[in-house]
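Reading through the C-alpha cells given below for one structure.
Taken together, the values in this text are just the output of simple stated rules run on the coordinates, not laboratory data. Here the structure is a predicted model, which is why all the values come from computation and not from measurement. Heads up, the Cβs are rebuilt from the backbone with ideal geometry, glycines too, and the neighbour counts pull from every protein chain shown.
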Amino acid sequence: MQKIECDKMLSLDVPTRWNSTYLMLDTAEKFEKAFERFDLYDGNFNSFLVTDVCEDGSIAGSIQSEDWANVRNVTNDDLDLSKMASGMKEKFKKYWGTPKK
C-alpha cells in the first residue's frame, strides 16, 4: 500500500470567500488517489456524492476521471498566472477593501 503525502485538510466551499472553491479543488486534487482507492474498497461511496441527475442522464456530483483533469487545469502551477492573480487580488482589496461577512 502506498502512502499519500499531503498535510492539507479538505475544506468546504464558503460563498463569502472568493477563493474557497479554488482551495477546495486544490486540496481535493491531492487526495485523488485516496478517492480512487476508496472506490476500490467501497464501490458505493460515489452514491453518497450524487446530488442530481442531469438532462443527458449523467450524474452530477460523482467523481469522474475527466473531473480530475479539469481540476488540474484550474489549479495548475503556472507561476506567471499565479503572480497575475495575486496582483489582481491586491488591487481588488485596495479598491474594495475586505468584504464583511
- How much length is gained if the chain between Leu79 and Tyr22 is pulled fully straight, taking 0.36 nm per residue apart and subtracting their Cα-Cα distance, in nm to one decimal? 18.9 nm
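Going by average Cβ neighbours within 10 Å, how do the peptides 19-27, 79-87, 32-40 rank, with the highest at the top?
Values: 19-27: 15.1, 79-87: 10.0, 32-40: 12.9.
Averaged packing, sorted descending, gives the order 19-27, 32-40, 79-87.
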